[in-house]
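Data block below; observations after.
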Amino acid sequence: MPFNLDELDLKLLFHLQQNARISVQEISRKIHLSPSAVSARIRRLEDKGYIKQYVTILNKSMVDRKLMSFTGVRLNHNSNTNLESFKEFVKRIPEVINCYHVNGMFDFLLHILATDMQDYRNCLVNTLAKFESVSELITFFVLDEVGVGQVIDLTHLLIRFNRNQTGMN
């Protein structure tokens, strides 16, 4: 298991994923560990990079970002310089909330949140299409979000940990 995560680490990560604002005392009660030990484990998990950041997931429509889409981007040339240049370019576009470098029919897949179709069109025409080596943009609009969540299931790590504890590899 990476960096020797144990069952308590996995339980702690589970609870933090469910609610990043959970108190150390509450985690302590849930995993039966002292608050100081919980704090030390959280610091260690942060230092090792397991916990990247603490975020709040906003209601998109409440902050006027109702139009969600995924846009596939194909570039003319895939030199490392051009790919890196596109990555930096995309980081400056506020409507792009995630950018994935992918294989297949696109070079990149962009997760875009816009206020409305006009806002999306402006993002597409006035920004994305201006990157000189963009050869194709294909958009898929999200009709409905199913199973929204950012939680990573850690069950496989817990099963692996338990197998290692019982000597069943």
Hits in segment 17-29 (condition: surrounded by 12 or more Cβ atoms within 10 Å (Cβ to Cβ) and either of a type in the set (Gly, Ala, Ser) or in contact with a Leu (Cβ under 9 Å, 6 or more places away or on another chain) (or both)): Gln17, Ala20, Ile22, Ile27, Ser28
Residue tally, condition in a loop (DSSP other than H, G, I, E, B) and not acidic (Asp, Glu), over segment 81-107: 8
Per-region count, segment 11-41, residues within 18 Å of Leu157 (Cα to Cα) and either of a type in the set (Val, Ile, Thr) or in contact with a Phe, Trp or Tyr (Cβ under 7 Å, 6 or more places away or on another chain) (or both): 2
Selection count where residues are at pLDDT 75 or above and within 18 Å of Lys60 (Cβ to Cβ), scope segment 140-169: 7
Within segment 35-66, tally of residues that are aromatic (Phe, Trp, Tyr) and farther than 17 Å from Asn19 by Cα: 0
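The values are calculated or read from the model by the stated rules, or taken from the named source; none is laboratory data. For clarity, every value in this text was computed on a predicted model and none was experimentally measured. Glycine also receives a Cβ, built like all others from the backbone with ideal geometry; neighbour counts cover every protein chain displayed.
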